[in-house]
Amino acid sequence: MVGDGLQDRQLQRSAAPLNDRLRLSLVAAALPVPLAIGLGLGYQELIPGTAYGVVGKNFSYGLASLFVIGGVYALFSPAARAVAFRFDRPRKDELAWALLGFPIGTALYLGATAATEAAGLTMRGYEYTLSDPLTIAAVVFGAVLVSPLAEEILFRGMVLGSLLGRGIHPVVAGGLAILAFGLIHVALLGIAGVLTMCAWAIVSTAIRLRFDNLSGAWLVHQLNNLWGYIVVVAFGLG
């Protein structure tokens, strides 16, 4: 477990190929949001009179994220890719952690949401329904398929891996990666969203550190986004 000296050192050694990639990792992790905004502006210029709503945001963010992780893959050495894109076949206990992590992450998210509301902070976002096929396609593409994969690579693979590769303690490295993950949501969700995303990310970060693998972290992220963006909206559970 994290906190055990031997496993801490093993995590740091396995991430060593990323020890000089922290700056690039931070830039890459932050890049999809401004790229998506730029794509959105282009979308509005290309099709005048269209609103940059849920469809534009999801398609733009999905495309921007794929572009960034593709660029990172091309720039990284094979050894660095093996750390940043470590999707090994998960063991049964990793799958169990991911399945258990889904309700725990949801509880952390809801608890953080309640706490921020009590503090007078309102989480921004966007409302939509799933009555339009184009909206469904955009949400499935951007929020359900691309976002969990790209964000696990960028934050739990690259940022966290780079910090570990520099010899930073896993708990400290995990906390910094969680903060970075929360901060990219500020433009869409506001300060309240940053805090709630940080609370939720504790789960996926813990799974990544526990198993030195992205598969379980990706699975819990995938389940969370499928639930939050499709099931909750479809059945009016929000």
Scan region 77-141 for GluC sites (Glu not before Pro) in coil per DSSP, keeping those whose Cβ has at most 16 other Cβ atoms within 10 Å, and list them by number. 127
Tell me which trypsin sites (Lys or Arg not before Pro) from region 59-132 have a DSSP coil assignment and no more than 14 other beta carbons within 10 Å of their own. 91, 124
Selected from 167, 105, 125 as most flexible by GNM, with the chain as the system and alpha-carbon contacts under 10 Å: 125
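Hey, any idea what % of region 188-238's accessible area is carbon plus sulfur with a 1.4 Å probe?
Values: 1400 of 1870 Å².
Roughly 75 percent of what the probe reaches on region 188-238 is carbon or sulfur.
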Note on region 118-238: contact order normalised by length, alpha-carbon pairs under 8 Å, 6 or more apart, percent, works out to 35 percent
In whole percent, how big is the carbon plus sulfur part of the accessible area of region 68-131, probe 1.4 Å, protein atoms only? 64 percent
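What length, rounded to one decimal in nm, is gained on full extension from residue 169 through to residue 27, with 0.36 nm per residue of separation minus their alpha-carbon distance?
Working: separation 142, 0.36 × 142 = 51.12 nm, distance 2.19 nm.
Length gained between residue 169 and residue 27: 48.9 nm.
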Cα pair distances of region 103-171 binned at 5 Å [whole percent]: 3, 12, 11, 14, 19, 19, 13, 5, 2, 1
Rounded to the nearest 10 degrees, the helix 5-14 long axis (Cα) sits at an angle to the longest Cα principal axis of the chain of 70 degrees
If the convex hull is drawn through the Cα atoms of region 79-238, its volume per residue in Å³: 117 Å³
Total charge dipole magnitude, the chain, about the Cα centre, Cβ charges on Lys, Arg, Asp, Glu only, Debye to nearest 20: 580 debye
For region 125-238, with only Lys/Arg (+1) and Asp/Glu (-1) charged at the beta-carbon, what is the dipole magnitude about the Cα centre, in debye rounded to 20? 360 debye
Angle check, please: helix 170-183 long axis (alpha carbons) against the longest principal axis of the chain (alpha carbons), in degrees 0 to 90, nearest 10. 10 degrees
Connecting C-alpha atoms closer than 10 Å in a GNM of the chain, tell me which of 219, 11, 100 has the biggest fluctuation. 100
So what is the 222 nm mean residue ellipticity for the chain from helices alone, if each DSSP H run of at least 4 adds -39500 (n - 2.57) and you divide by all residues, rounding to the nearest 500 deg cm²/dmol? -21500 deg cm²/dmol
Could you pull the accessible area for residue 229 with a 1.4 Å probe, rounded to 10 Å²? 70 Å²
Which of the three applies to region 172-238, rounded, prolate or oblate, going by the alpha-carbon gyration tensor with a ≥ b ≥ c and a/c under 1.5 meaning rounded? oblate
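In percent, how large is the relative contact order of the chain, given Cα pairs closer than 8 Å and 6 or more residues apart? Walk me through the numbers before you get to the answer.
Details: 319 pairs, mean separation 79.8, N = 238.
Here the relative contact order equals 34 percent.
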Express in nm, to one decimal, how much length is gained between residue 10 and residue 131 on full extension, taking 0.36 nm for each residue of separation and deducting their alpha carbon distance. 38.7 nm
Rounding to the nearest 10 and keeping the result within 0 to 90°, find how far the Cα-based axis of helix 54-75 lies from the longest principal axis of the chain. 30 degrees
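The values are calculated or read from the model by the stated rules, or taken from the named source; none is laboratory data. Only a predicted model underlies this, so the values are computations on that prediction, with no experimental measurement involved. Here Cβ is always computed from backbone atoms with ideal geometry, including for glycine, and neighbour counts include all displayed protein chains. Quick note on the areas: whole protein, heavy atoms, side chains included, nothing else; ligands and nucleic acids left out. Shrake-Rupley method; radii C 1.70, N 1.55, O 1.52, S 1.80 Å.
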